[in-house]
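The values are calculated or read from the model by the stated rules, or taken from the named source; none is laboratory data. Keep in mind the model is a prediction, meaning the values are calculated, not measured. Every residue, glycine as well, gets a Cβ built from its backbone with ideal geometry; the counts of neighbours run over all protein chains shown.
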């Protein structure tokens, strides 16, 4: 969303980068080069605010994700930290429009460290190394003497955050909530965060100004959703690579999802270099149930919902027999819960 909001990005490139989660066509050999360059505004002049970072923080907070959680309590026990029960660390109330977060049952959505611990120059701007310089240092730290350059920490932190790595954290609820809220933003509605309980409120509803969002936010959400639809598509002549969730859909439903696919989604995969979280995959999907029923010639057995959002985080040891286990589980849940 932060990249889409810039207004400078090629929507064809962005939607297809979402489709295949990067590209193997980069001369650098780095699959995520495009995302990394965009995250640090690599084409902009030095000492100028990176607006992608500003927009990303704006949308993260809109979607209930924390961007400042300096006490580090957002991390799990596998990393020798303990979970936080702090609203400022990406947790939300279980009560609709509630401001108070219960200490023990406040669900966690996510944390993106886009504002934590960045070095700011004398003008209060976070500066970055050029992507080329950072990439050379990453490949061979002895080649460049940038170890004491404070821009290195900024660059590393934001590049890792841009692909969901580093200290970024998200829950299955956060995955589902994000994709559902993208649909709300597209429809010019301020996103409503997940809740379990409604208040007994007999007062007439007051429509607040923040219930409606700027048109440019709606357009950005539409671009992103177009990319999440492509995630389900097979390879096309104009872009190399199949959508990262295409095989999971075909394997489960026995159909190929084409344009106007009723399922929109995003996969994520943790690098096997990550000793704490390797083997984990995630998938968030938003599905129009009637349209999917028409595509697969199925019958919807739960008629209370027009569309559903499901978030899955899966963990498996060893080599997987599927591209993304979380996407595979998501499709099976759709099939067996909602269709005869």
Exercise for the section: Only residues in segment 113-130 that are free of Cβ contacts under 8 Å to residues at least 24 places away in the same chain count as the first member; pair them with residues that are surrounded by 13 or more Cβ atoms within 10 Å (Cβ to Cβ) and part of a strand (DSSP E or B), Cβ under 7 angstrom, at least 6 apart or cross-chain, and list the lot. Expected result: 120/126
Exercise for the section: Could you tell me which residue of segment 13-28 is farthest from residue 222 (Cα to Cα), considering only residues that are surrounded by fewer than 18 Cβ atoms within 10 Å (Cβ to Cβ) and either modelled with pLDDT of 90 or more or touching a helix residue (DSSP H, G or I) at 6+ places or on another chain (Cβ under 8 Å) (or both)? Expected result: 28
Problem - Check on residue 334, touching a residue at least 60 places away in the same chain (Cβ under 8 Å) and buried (at least 16 other Cβ atoms within 10 Å of the Cβ) - result: yes
Exercise for the section: Report, ordered by the first and then the second residue, all pairs with beta carbons closer than 7 Å, sequence separation of six or more or different chains, a first member in segment 8-21 that is at negative phi and touching a residue at least 24 places away in the same chain (Cβ under 8 Å), and a second member that is loosely packed, with under 15 Cβ neighbours inside 10 Å and assigned to a helix (DSSP H, G or I). Expected result: none
Problem - Residue list for segment 120-136, filter: assigned to a helix (DSSP H, G or I) and touching a helix residue (DSSP H, G or I) at 6+ places or on another chain (Cβ under 7 Å) - result: 131, 134
Exercise for the section: Output yes when any residue across segment 308-316 is at pLDDT below 90 and either farther than 27 Å from residue 15 by Cβ or part of a loop (DSSP other than H, G, I, E, B) (or both), and no when none is. Expected result: yes
Practice task
Name every residue in segment 218-240 that is part of a helix (DSSP H, G or I) and farther than 15 Å from residue 21 by Cβ, in order of residue number.
Solution key: 218, 219, 220, 221, 222, 223, 225, 226
Practice task
Look at residue 242 and say whether it is under 25 Å from residue 26 (Cα atoms) and surrounded by 12 or more Cβ atoms within 10 Å (Cβ to Cβ).
Solution key: yes
Exercise for the section: Scan segment 251-264 and give yes if some residue there is assigned to a strand (DSSP E or B), touching a strand residue (DSSP E or B) at 6+ places or on another chain (Cβ under 8 Å), surrounded by 10 or more Cβ atoms within 10 Å (Cβ to Cβ) and at pLDDT 90 or above, otherwise no. Expected result: yes
Fill in the blank from the handout: Residue count, segment 304-315, condition within 24 Å of the chain's Cα centre (by Cα), farther than 15 Å from residue 180 by Cβ and surrounded by fewer than 17 Cβ atoms within 10 Å (Cβ to Cβ), comes to 1
Problem - Options 298, 284; residue that is within 25 Å of residue 174 (Cβ to Cβ) and either outside any loop (DSSP other than H, G, I, E, B) or more than 18 Å from the chain's Cα centre (by Cα) (or both) - result: 284
Practice task
Keeping to segment 319-331, report how many residues are more than 14 Å from residue 253 (Cβ to Cβ) and touching a residue at least 60 places away in the same chain (Cβ under 8 Å).
Solution key: 3
Handout entry: Candidate set from segment 203-217 (those that are modelled with pLDDT under 90 and assigned to a helix (DSSP H, G or I)); member that is surrounded by the fewest Cβ atoms within 10 Å (Cβ to Cβ)
Key = 209
Handout entry: Test for residue 181: is it in a loop (DSSP other than H, G, I, E, B), within 22 Å of the chain's Cα centre (by Cα) and more than 18 Å from residue 52 (Cα to Cα)
Key = no
Problem - Only listed residue being farther than 20 Å from residue 232 by Cα and surrounded by 14 or more Cβ atoms within 10 Å (Cβ to Cβ), chosen from 279, 318 - result: 279
